[in-house]
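Take a look at the structure set out below.
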Amino acid sequence: MPGPSRKIVDVLEGKTVTPPPIWLMRQAGRYLPEYRETRAKAGSFLDLCYSPDYAVEVTLQPIRRYGFDAAILFSDILVIPDVLKRNVRFVQGEGPQMDPIDVAGIEKLDAEGVLSHLAPVLETVRRLRRELPEETTLLGFCGAPWTVATYMIAGHGTPDQAPARLFAYRNPDLFLRLLDFLADVSAEYLIAQIDAGADAVQIFDSWAGVLGEREFKAYAVRPVARMIRTVRAARPGARIIAFAKGAGMNLRSYRQDTDANAIGLDWSVPLSFAVELQKDGPIQGNLDPMRVVAGGQALEEGIDAILQALGNGPLIFNLGHGITPEADPAHVSDLVRRVRGYMP
Ligand SMILES: Cc1c2[nH]c(c1CCC(=O)O)Cc1[nH]c(c(CCC(=O)O)c1C)Cc1[nH]c(c(CCC(=O)O)c1C)Cc1[nH]c(c(C)c1CCC(=O)O)C2
């Protein structure tokens, strides 16, 4: 029996859908008053991630408001270090923190019990697939090994991930083992999300842009390729979006090297280069989130430039990174209306 038609699934399988389907990275978040209200009730941010009732609710909020073509599971990439017992906490106004890991800590990492600790997140995925409209794609996700490792090594966010880069130069073999470990744990997590009902998954490599050429191959491409190989070996046909933020020219062979179905583009990727990348397959992106904050002409011009350059090929309309808390929800309505009104 053929399943329901989901536009983002169609694009991931190589089709051109006109107008292009749309969702936004961080579409559930602090720019929405209803999110802030649920967040206040839930306790800590991790409590929100591990409570299926609240996590389902905040995932659905932007779908109800805007009718996006995809819902993305509400969780965080840092649940992986959390279940690896790194003592993750989200301090209001300071971003995420955890116990920094050292050589001895890496040698002691143990994947035992990881999936059972993530059971509430998988329960959220199952409930979402039941509650979402048939035509809405459900996206699961996780962080890429490099990006997750940067937080594990520094113990917090940094402007350029100097601690992880330095650690990798000083301990190259151990660092590769850490990335392989994270790749294998994360692949199992993605397989479990797919089994729970995710139609596709996105791998977020938010810090790919701080890597030199050789390090990009070793720390961004290789572990993500390993993850995708593992997921596809277990679940043939699994649909995967890989988003390597700030990767620039390194994106040229990223799709081929990782075997992702679609690649995500940040707003610094020139549209002329995006056109080249789209010749090899589906792309996702790449509106500057600040255009959504600005609204008006800045928003309209940014949308139109993307639609003109990329709207007649396989495109998932999205931002070039997550929407920010300052964004006006009314500007998001304007964005959705304009993309849906596109006629080639
Ligand atoms: C690097 C990264 C993280 N988390 C994530 C990434 C990769 C994407 C990116 O680069 O933005 C991914 C993420 N984080 C969140 C989602 C949920 C789904 C969605 O709506 O996109 C997703 C997909 C919720 C969240 N994750 C976080 C929030 C805000 C927490 C709050 O409500 O107080 C949300 C809605 C917290 C978080 N989580 C993280 C940071 C650095 C922060 C603090 C910065 C901030 O506060 O915005 C780690």
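FYI, it's all coordinate maths here, none of it is from the lab. Computed from a predicted model, the values in this text were never measured in an experiment. Cβ coordinates were reconstructed from backbone atoms using ideal geometry, including for glycine residues, and neighbour counts include every protein chain displayed.
What number does segment 174-293 give for Rg over Rh if you use C-alpha atoms and the Kirkwood radius?
That ratio is 0.97, to two decimals.
Name the residue from GLY281, ALA187, ILE101 whose Cα lies farthest towards the positive end of the charge dipole of segment 7-340, charges +1 on Cβ of Lys and Arg and -1 on Cβ of Asp and Glu.
Result: GLY281, furthest along the dipole toward the positive end.
For segment 124-238, just the Cα set please: Rg and Dmax, both in angstrom.
When restricted to the Cα atoms of segment 124-238, Rg and Dmax are 15.6, 50 Å.
Please give the FRET efficiency for ASP160 paired with VAL275, using the beta carbon to beta carbon distance and R0 = 35 Å, rounded to the nearest 0.05.
Efficiency, rounded to the nearest 0.05: 0.70.
Would you kindly work out the equivalent ellipsoid of segment 149-192 from its C-alpha gyration tensor and give its semi-axes, the square roots of five times the eigenvalues, largest first in whole Å?
The equivalent ellipsoid of segment 149-192 has semi-axes of 22, 14, 6 Å.
Compute log10 of I(q)/I(0) for segment 222-344 with the Debye formula, placing one identical point scatterer on every Cα and leaving out solvent, at q = 0.20, 0.21 Å⁻¹, to two decimals.
-1.08, -1.14
Quick one: net charge around TYR151, please, counting Lys, Arg +1 and Asp, Glu -1 for every other residue with C-beta under 15 Å from its C-beta.
-2
Roughly how many nanometres apart are two label points built 7 Å out from the Cα toward the Cβ at ASP328 and ASN87?
Modelled inter-label distance: 4.5 nm.
Between helix 145-154 and the chain, what is the angle of the helix's C-alpha long axis to the longest principal axis, kept within 0 to 90° and rounded to the nearest 10?
Approximately 50 degrees, to the nearest 10.
Using only Cα atoms and rounding to the nearest 10 degrees, what angle (0 to 90) does helix 119-131 make with the longest principal axis of the chain?
10
Could you give me the radius of gyration and the Dmax of segment 1-85, taking only the C-alpha atoms into account and expressing both in angstrom?
15.3, 45
Can you tell me the orientation of helix 329-340 relative to the chain, as the angle in degrees between its alpha-carbon axis and the longest Cα principal axis, to the nearest 10?
Helix 329-340 sits roughly 60 degrees off the main axis of the chain.
Which residue, VAL11, VAL269, TYR66, has the largest displacement toward the positive end of the dipole of the chain when charges sit on each Cβ (Lys, Arg +1; Asp, Glu -1)?
Going by the Cα projections, it comes out as VAL11.
Provide Rg over Rh for the chain; use the alpha carbon set for both Rg and the Kirkwood Rh (inverse mean inverse pair distance).
0.94
In deg cm²/dmol and to the nearest 500, what is the mean residue ellipticity at 222 nm of the chain if only DSSP H runs of at least 4 residues count, each as -39500 (n - 2.57), divided by the residue total?
Computed mean residue ellipticity for the chain: -14500 deg cm²/dmol.
For segment 46-160, what is the convex hull (Cα atoms) projected area averaged across all directions, in square nanometres?
Result: 8.2 nm².
Counting only DSSP beta bridges with both residues in the chain, tell me the antiparallel percent, nearest 5.
Of those bridges, close to 15 percent are antiparallel.
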